[in-house]
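Written out below as structure tokens is the structure these notes cover.
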Amino acid sequence: MAYPAWFYLPAAVVYGVLFIAPTFASFYFSLTRWSLFDQEFIGFGNFVQFFQEPALVTGLTNTLIYGPITSVAKVVLGLLLALLLTSQIQGRGWLRSVVFFPVLVSTIGVGIMFQALMDPRDGAINRMLGVVGINGPGWLTNPDLALYSVALVDVWKGVGLATVIYIAGLVSIPREYIEAAAVDGASAWQRFWHVTVPLVRPATNTVIILSLIGGLRTFDLIWAMTRGGPGFTSDVIASVIYKQYQAGFYGLSTAGNVVLFVIVSAIVVPLAWWLNRRQVEY
Amino acid sequence: MTLRPTTGHRLLAVAALTPLVVLAGCGGDSDPEGAGSGEEVTEEVDVSFLVSNSESEVQTAEALAEAFNEEHPNITVTIETRPGGSEGDNIVKTRLATGDMTDIFLYNSGSLLQALNPEQTLTPLGDQEFAGRLDDAFVQSASSGDNLYGVPWRTAMGGGILYHIPTYEELGLEIPLTWEEFMENNRVIAEETDKAPVIQTYEETWTSQLFVLADFHNVLAEEPDFAEQYTANEAKYATSDAAIRGFEHLEQVHEEGLQNEDFASAGYADGVRMVATGEGVHYPMITQAIGEITANHPEQANDVGFFAQPGDDPDSNGLTVWSPHAVYLPQSTEGADRDAALMFMDFVASPAGCEAQTEALGQPSGPFAVEGCTLPDDVPQAVKDMQIYFDEGRTSPALEFLSPVKGPALEQITVEVGSGIRSAEDGAALYDEDVRKQAQQLGLEGW
Amino acid sequence: MVTGSPMRRYLLSALTLVVFTAIFVLPFVFVLLQAMKTRQEAALLQFSLPTEVVLWDNIVQVFQARDYMLVTAFINSTILTVASVTLMVVFAAMVGYVLQRRLTRWTGFINFLVLAGLIIPPAVVPTIWVLQGLGLFRTLTGLIFIEVAFGLSFSVLLFRAFMSTIPRQLDEAAVIDGAGPIRTFFQVVFPLMRSVAVTVIVVQSVQVFNDFVHPLYFLPGDENATVQLTLYNFQSQFEAQYNLLFADILLITIPPLLMFIFFNKKIVAGMTAGAVKG
């Protein structure tokens, strides 16, 4: 037999023990009040807590805002940047590198960097705005704005990956299609909307799914920049999970994990299925 | 850390005495196993000591380790650090629970100690000779059940208002004895100067809790059995007229626009600077900040005074006090390590230990909890101001030393109330909810 | 897509160049400037040239801080990255190979598990519980296996996608020649997968080296910090010492920067190949 099943074994052991087993265990533990020293079965109490306590509900709604907006922004900006960077523009190589590089830098590093840049009084961003006469906002200290500021940095850091995926999609479109459309008299906009967009669909699907998964699970950037603050206003589920873990509420923390699991699956799985089905129609 | 000559001599004198004390009651140093506790250790021993990574804590720990090593050249105390805040709490808890703790570690006394399950994880110290040297209030807050588990680290601290003396003199203000007088002072400052009347520093969220926590002396004045009822799930912040006052103070200060403009992004170091230089006039803080002031702004050290957070009744004016943190010995530390660790703890709880800590800190920020440890004569003004409350007996312990119940999210809630995101009432209710989770987790009766 | 007169194109290019450089490069320049300044000057957070360049002093200080914690951290991160990526590549290549070649009624289920690994957020506390049971919590070994477990899915997808471009005849020929499965795989197939293996190595190295969340949960404590955790620890410790904080950022950005300079094409090609085809 050239393809022995035991080739699965090493991967299966590691994956099974450290990923699948804890995932199943989490369903049980989420129903307990669990401290380091003992655990007690309490039914759905943790979930009730999760959907009742305002500080936890904020995390839930913020996750549902953060995931989609970063994902959409990456799709739109990624495609536009990719179009620009596959055009006849000078210095393409440099530009591609420059846009992609933040993808490779540590999230914590980026977070600290922007925390300094976004300082309401001394930060470079507000100083520059000040020069043109704009009184810059408290990017990370204004409770209505903090989450969006972090999302902005997330897009800054992640748009390079989307761009690169789109570039790969664009260059694989046979030039004849676009030329044929041009010959038929289609305007630039029509060519873009009716030829390019449908043909980069696989890339779009990838970008949507990848960035949505990343966005819904996001933790490190938020933690580095705001710690969920001011107060609870920029908490997401992942940061709530961490805070409950820190506080020693392991059952509640695990319930948060289950909630996140359900949310990610409930959004991503049907979406992926739907996107793939539409892809076939073209 | 270089020691001044005088201190060196004193240290030597104590060094000569301490081993005698330790050796008393055991047969000598010939037994390499070190079966008894506190026995002199002859082989090379390394005692690992976990402290938080704050600069002053590490410095103090290093100074103590060094001074101790001079007396006991065969024992080296190695400092390990962990993050501060709830992150560090978590590390301490997990390491204890997994039997993976350092030989000794530094941690809060009071309710946070209770959350460590001391009966299961720590070694009782009540029968040690040094236990007799400790202050009663400290012993209470570092005990669980009937057992003492820690030796005091640094000094007790008061929670109240640090204020800028020159501004007070300039404007002819008096130390407020009621909250109304305090607010009146704030309004005068706001009108007459461009200084910030109240300094708030929410970049570091823990600093936002002071108005609530330091109000506890006033809560007790009105409701003397609040702590017991609170532990028994009968009194709540949201429903007690006295207890909710702290949240209301926070709200009021924000609503009247009395905070520094950058309250949301300023940090603890900024707050210390502002009150030292007079950019701001009142900084609600624990007196630990005095150390920071003398270290970073030595010229202004005596420009900063201190008063207790005022309540409603001038006659019951007094100070809310925090017991010192403590050094603990986990049950996982055994044999020679345990003996060496006990000797180090004995040193920490001795006048020589206090000396070494004072040396490292610049200034103590309150009275020591060890018999024979005295404050130097040249303490900064704020420490003198605080000492008066102790001398006159106008102090109460903070709630966390009277009740094991303390919610983990108070600092985020107080940031919200102090920033106008959440009302005082909502904040207090939310904190009650937070506390409920903690009490259930601890398995307390009646929750 | 941009057409029109050369002049217009030239102007547009220049403009784009300036705007992009400002948005994507200036923040990094800021890091460099901050890292060069004295403590007092860095505290102002100004975007300005340092009046006095003390970059080297700052770097030395960062390395010395906390008893050379950063040195330990670089050693830990290197071990972590090398070990976990090696295991990941070997394990994932084996899976990708069999998964693509041998269709059974299990194939669908295995594919499902692989995808699940991409989507499902790991359950943190239960994972700690498992690690404790194995005696691997707070150990570098434990963290290495954690990284392997969480990185497998993506790696398998890349390998599986690449396998479909390798003609089946090649491994069948090897089998006919009498080679066993191990020899067939390691001597015939694996060398052919070299290019995708390099991609996986580069992408996952960056991933693991930059990982913050998993060390935070599974390897807490200063004594076995990874580089990302030093940054996090210094963030609270160097409250007012932005020069040191940014010197640290600068230092830990160097490894990915080198990766990028040498493997730019590989990273991009691999990430997109895997992403688009997978």
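General observations
- The set of residues from the stretch B:100-112 being in contact with a Pro (Cβ under 8 Å, 6 or more places away or on another chain) and within 14 Å of chain A (Cβ to nearest Cβ) comprises B:Met101, B:Ser111.
- Residue satisfying all of: in the stretch C:228-244; touching a residue at least 24 places away in the same chain (Cβ under 8 Å) and at the interface with chain A (Cβ under 8 Å from one of its Cβ atoms); nearest to the chain's Cα centre (by Cα) among these: C:Gln228
- Count of the stretch C:147-171 residues which are β-branched (Val, Ile, Thr) and free of Cβ contacts under 8 Å to residues at least 40 places away in the same chain: 2
- Some residue of the stretch C:53-65 being more than 8 Å from chain A (Cβ to nearest Cβ), more than 27 Å from A:Val262 (Cβ to Cβ) and part of a loop (DSSP other than H, G, I, E, B): yes
- Test: residue in the stretch C:138-146 that is crowded, with 21+ Cβ neighbours inside 10 Å and more than 28 Å from C:Leu229 (Cα to Cα): no
- The one condition in (1) within 14 Å of another protein chain (Cβ to nearest Cβ); (2) modelled with pLDDT of 80 or more that B:Glu55 fails to fulfil: (2)
- In the stretch A:57-85, the residues that are closer than 18 Å to A:Ser149 by Cα reach residues that are of a type in the set (Asp, Glu) and buried (at least 19 other Cβ atoms within 10 Å of the Cβ) with C-beta atoms within less than 8 angstrom, at least six apart or across chains, in these pairs: A:Thr58/A:Asp235; A:Gly59/A:Asp235; A:Asn62/A:Asp235; A:Tyr66/A:Asp154; A:Thr70/A:Asp154.
- Flag if B:Leu177 is buried (at least 18 other Cβ atoms within 10 Å of the Cβ) and either aliphatic (A, V, I, L, M) or in the same structural domain as B:Phe390 (by TED's automatic domain parsing) (or both): no
- Members of the stretch B:411-436 that are part of a loop (DSSP other than H, G, I, E, B) and either within 9 Å of another protein chain (Cβ to nearest Cβ) or closer than 13 Å to B:Ala264 by Cα (or both): B:Ser419, B:Gly420, B:Ile421, B:Arg422
- Qualifying residue in the stretch B:400-423 (condition: farther than 21 Å from B:Val321 by Cβ and among the acidic types (Asp, Glu)): yes
- Answer residue from the stretch C:37-74, given it is surrounded by 15 or more Cβ atoms within 10 Å (Cβ to Cβ) and within 24 Å of the chain's Cα centre (by Cα) and is nearest to C:Ile201 (Cα to Cα) among those: C:Phe74
- Helices (runs of 4 or more DSSP H) lying entirely in the stretch C:115-226 (those with 1 or more residues that are at the interface with chain A (Cβ under 10 Å from one of its Cβ atoms) and more than 17 Å from the chain's Cα centre (by Cα)): C:124-134, C:140-163, C:168-176, C:213-218
- In the stretch B:179-230, the qualifying residues are those that are of a type in the set (Val, Ile, Thr) and over 19 Å from B:Val321 (Cα atoms), and the one that is nearest to the other protein chains (Cβ to nearest Cβ) is B:Thr205.
- Among the residues of the stretch C:34-52, those identified as in a helix (DSSP H, G or I) and facing another protein chain (nearest Cβ under 10 Å) are C:Gln34, C:Ala42, C:Ala43.
- Residues of the stretch C:13-32 satisfying the condition of being surrounded by fewer than 19 Cβ atoms within 10 Å (Cβ to Cβ) and more than 7 Å from every other protein chain (Cβ to nearest Cβ): C:Ala14, C:Leu15, C:Val18, C:Val19, C:Ala22, C:Ile23, C:Leu26, C:Val29, C:Leu32
- Test: residue in the stretch B:148-161 that is away from every other protein chain (no Cβ under 14 Å), crowded, with 24+ Cβ neighbours inside 10 Å and hydroxyl-bearing (Ser, Thr, Tyr): yes
- Residue check, B:Cys373 buried (at least 21 other Cβ atoms within 10 Å of the Cβ) and outside any loop (DSSP other than H, G, I, E, B): no
- Unmet requirement for C:Phe63, which otherwise passes all of (1) more than 17 Å from C:Gln207 (Cα to Cα); (2) touching a Phe, Trp or Tyr at 6+ places or on another chain (Cβ under 8 Å); (3) among the hydrophobic types (A, V, I, L, M, F, W, C): (2)
- Only one of A:Tyr28, A:Tyr15, A:Tyr8, A:Tyr3 that is within 11 Å of another protein chain (Cβ to nearest Cβ), among the aromatic types (Phe, Trp, Tyr) and in a loop (DSSP other than H, G, I, E, B): A:Tyr3
- Wholly within the stretch A:170-251, helices (runs of 4 or more DSSP H) carrying at least 2 residues that are modelled with pLDDT of 90 or more and closer than 21 Å to A:Ser149 by Cα: A:201-216, A:220-225, A:237-247
- Lone qualifier among B:Thr374, B:Thr395 - being in contact with a strand residue (DSSP E or B) (Cβ under 9 Å, 6 or more places away or on another chain) and without any contact (Cβ under 8 Å) to a residue 60 or more places away in the chain: B:Thr374
- Within the stretch A:127-184, tally of residues that are under 27 Å from B:Asp262 (Cβ atoms), of a type in the set (S, T, N, Q) and buried (at least 23 other Cβ atoms within 10 Å of the Cβ): 1
The values are calculated or read from the model by the stated rules, or taken from the named source; none is laboratory data. On a predicted model such as this, the values are computed, not experimentally measured, just so you know. All Cβ positions, glycine included, derive from the backbone under ideal geometry; neighbour counts span all protein chains shown.
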